[in-house]
């Protein structure tokens, strides 16, 4: 075996993928025309080659590659929830990620599959001056696969030892004479798992069309259609506060509930027009409809109802029914360009957006009586966690608990000017004005609540080019996020407010073959909801939190290796004494934030060889996640873990490849996230996956 000649664009599908990344990186929405070294912000780019080498299949796996991102409660496996630099956002709504720069991630359509995604960008730090409402730690932007104008395609089939079968397709058309080009990306997955009775089916299709109307005008349209049938799975329980005391494969729900059904239908339309070499126009709109329906059986969290605390094996459960529907629409327009005045170069963005999120929720529940009433085992709807017997009792009828429609409407105007003061020094000034309104119609008692407010979010940044391959930057920004509900007196809550600051060093070595970033950050958040100590069942916006830390990211080629490294130290804690929002337990100043590890790092490397005249790639990676708080207002923690993965990819011909990969090579027992000691998500044991790809 001898080392192959080091070529970044391999003679396979990767060449087309890398070219597409370059195309999609031009003048991104909200970003302007700035190189990485002159952007006063840490931006981590996880491209398709990095994700392929890591065996990524969904968004959670992709975000594991960023040490700055921590997994949060995943709602029984049915949404993506994550914290960036320690801050997670609303625990009762899916994370509001961006798609091609659009605020387009809200809804209940299930966990996002990575099919159709070219690049995942983690935009760290203060971004509210452009993106508007959000979290201080940053945002996640998904860049989708778009038509390239080059005819081709690929089919991939894979299977693993847990009986998961998957097929992926990616078809690309040549550019027609009228400037049209098409692309169709899709997948189908029939998934097993290491969890007993937990099987799933997922399918998705994301066709897109790009029309080069004139030399300076491009129209792009993409459809997103996905469906998932997935059992609702809260994971395992920590008996007496100790993990590992029950088999990780034991499912604690009821197979008789059937699957949760999640569906998405989304549209994205984008028009770009270049007035000349200096000025561009972007107009776009997104409409995304989602639904989530089905029944689930879940561990009861209230101690006064929970039998597990008595004998260590008899689990009291709830039964729940959900009918969630949402519609999210966004319209945005943006002009970007540059000009000179008084000897200074200005690069400006000016834009406006408006969006509306309709969140319709019908929630039903059966709940066991308090143990003081001496309920029967059937009334407690119990399950033996050590030796579960499903269907022991009839599925209990559920009663209507929530029936409401919440509507959030917001309109924003933003402006950014990056001024070149000297050849090496640039300053960025940004400002955004948002006007928003929330209305909540409780259809159970026919009451309505409404609030409206406006906020100004400033940002200022500075970039100093040390040389052609290195720059120093610093930035400061403020932001907010509206908070739903009202206090005991019927007054709506003030918005959640945040302040962020960071400073860092960026570098590009070997003519850009190796890029990296080192950053220090600090951020605070106020008006976090907490329990009202006087009026039980009500809340107050009195909580405060803060985080600070260090990050180091590195990506590119070193000698004959492709390498990727990400490290983060995050010190995230409560900044004042308060009561936990969910259980009214006391949180002390300095308590850590839920599911946020202090240290995380991930590293992976691969190398190309030639065997019998055919390319062979060998690689692997390591993910380390520190211990984390597993339940708010307690000392329960999830243990740290280290995962090792390895892969080999062989291309016997220019059109085919065969791949074998092993996740969790050392078969480590680990837990990815939790909400309480009774809702803990176990990680997947050692898993072998084989796949084959055909390109044409």
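The values are calculated or read from the model by the stated rules, or taken from the named source; none is laboratory data. This one's a predicted model, so the numbers in the text were calculated from it and none came from an experiment. Here the Cβ is made from the backbone with ideal geometry for all residues, glycine too, and neighbour counts use every protein chain on show.
Quick notes
- Here residue 463 fulfils each of the conditions (1) within 29 Å of the chain's Cα centre (by Cα); (2) closer than 21 Å to residue 496 by Cα; (3) surrounded by 14 or more Cβ atoms within 10 Å (Cβ to Cβ) apart from (2).
- Residue within region 332-350 that is in contact (Cβ under 8 Å) with a residue 12 or more places away in the chain and touching a helix residue (DSSP H, G or I) at 6+ places or on another chain (Cβ under 8 Å) present: yes
- Scan of region 373-413 for residues that are part of a loop (DSSP other than H, G, I, E, B), over 14 Å from residue 251 (Cα atoms) and without any contact (Cβ under 8 Å) to a residue 24 or more places away in the chain, ordered by number: 374, 375, 376, 378, 379, 392, 393, 394
- Options 642, 684, 669, 656; residue that is over 25 Å from residue 80 (Cβ atoms) and either in contact (Cβ under 8 Å) with a residue 40 or more places away in the chain or surrounded by fewer than 18 Cβ atoms within 10 Å (Cβ to Cβ) (or both): 656
- If you go through region 8-40 and pick out every residue that is in a loop (DSSP other than H, G, I, E, B) and either at pLDDT 95 or above or at positive phi (or both), you end up with 2.
- Matching strands (runs of 3 or more DSSP E) fully within region 597-696 where at least 2 residues are touching a strand residue (DSSP E or B) at 6+ places or on another chain (Cβ under 6 Å) and at positive phi: none
- Among the candidates 438, 426, 361, residue that is surrounded by 15 or more Cβ atoms within 10 Å (Cβ to Cβ) and touching a helix residue (DSSP H, G or I) at 6+ places or on another chain (Cβ under 9 Å): 426
- Verdict on residue 377 being at pLDDT 95 or above, surrounded by 16 or more Cβ atoms within 10 Å (Cβ to Cβ) and either out of contact with any helix residue (DSSP H, G or I) (no Cβ under 8 Å at 6 or more places or on another chain) or at negative phi (or both): no
- Every residue from region 308-344 that is touching a strand residue (DSSP E or B) at 6+ places or on another chain (Cβ under 8 Å) and under 30 Å from residue 277 (Cβ atoms): 330, 331, 332, 333, 334, 335, 336, 337, 338, 339, 340, 344
- Residue identified as modelled with pLDDT under 90 and either within 30 Å of residue 464 (Cα to Cα) or not in a loop (DSSP other than H, G, I, E, B) (or both) among 512, 504, 549, 543: 512
- Residue check for residue 605: modelled with pLDDT of 95 or more and surrounded by fewer than 17 Cβ atoms within 10 Å (Cβ to Cβ): yes
- Boolean, residue 319 is assigned to a strand (DSSP E or B) and free of Cβ contacts under 8 Å to residues at least 60 places away in the same chain: no
- Subset of region 592-625 (residues that are closer than 25 Å to residue 75 by Cβ and under 19 Å from the mean Cα position of the chain (by Cα)): 593, 594, 595, 596, 597, 600, 602, 623, 625
- Test: residue in region 163-186 that is in a loop (DSSP other than H, G, I, E, B), in contact with a helix residue (DSSP H, G or I) (Cβ under 6 Å, 6 or more places away or on another chain) and either at pLDDT 90 or above or farther than 21 Å from residue 229 by Cα (or both): no
- Condition met for residue 476 (surrounded by 15 or more Cβ atoms within 10 Å (Cβ to Cβ) and touching a residue at least 60 places away in the same chain (Cβ under 8 Å)): yes
- When restricted to residues that are more than 26 Å from residue 85 (Cβ to Cβ), surrounded by fewer than 16 Cβ atoms within 10 Å (Cβ to Cβ) and in contact with a strand residue (DSSP E or B) (Cβ under 9 Å, 6 or more places away or on another chain), region 488-506 contains 3.
- The set of residues in region 103-151 being closer than 24 Å to residue 352 by Cα, buried (at least 24 other Cβ atoms within 10 Å of the Cβ), at pLDDT 80 or above and over 12 Å from the mean Cα position of the chain (by Cα) consists of 107, 124, 125, 136, 137.
- Hits in region 55-84 - residues which are in a loop (DSSP other than H, G, I, E, B) and modelled with pLDDT of 95 or more: 64, 65, 66, 67, 68
- Selection from region 85-94 of residues that are within 14 Å of residue 481 (Cβ to Cβ) and at pLDDT 85 or above: 87, 88
- Among (1) more than 21 Å from the chain's Cα centre (by Cα); (2) within 20 Å of residue 45 (Cβ to Cβ); (3) crowded, with 18+ Cβ neighbours inside 10 Å, the one test that residue 526 misses: (2)
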